[in-house]
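Asker: Have a look at the structure that comes next, please.
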Amino acid sequence: MKHTTYEQLENDLAVFSNFKEVGAPDFFYTRLNARMQNELKSNELEFSLQPLLVICALVLFLFINSVLLDRDTDLGNTNPNQAMEALAASYDQTVSN
């Protein structure tokens, strides 16, 4: 450990007393406050849109699901022989029973 004398310590501390105090530019805090308020407003808007987007996505998925379920029940009501005959006709074939 380096041993310093009282005079050396006073000389070192005197260097700090020669420094000038640096201030902020004009209207710095006003601009900073305005920027912080704008960011706060944009974050509030972004947060308020998130639940709306989630609700819209859920409604869309429910609608698609109901359409697909309705289509599935319509396919279940058709005659399997008709589906087989339509498939065979598309390949120029006949179905034998």
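The values are calculated or read from the model by the stated rules, or taken from the named source; none is laboratory data. Quick caveat, the model's predicted, so the values are computed rather than measured. Virtual Cβ from ideal backbone geometry, glycine too; neighbours counted across all protein chains shown.
Asker: Collect the residues in region 17-38 that are part of a helix (DSSP H, G or I) and at pLDDT 85 or above, keeping them in residue-number order.
Answerer: The answer is Phe28, Tyr29, Thr30, Arg31, Leu32, Asn33, Ala34, Arg35, Met36, Gln37, Asn38.
Asker: What's the number of the only condition in (1) modelled with pLDDT of 85 or more; (2) in contact with a helix residue (DSSP H, G or I) (Cβ under 7 Å, 6 or more places away or on another chain) that Val59 fails to meet?
Answerer: Here Val59 clears every test but (2).
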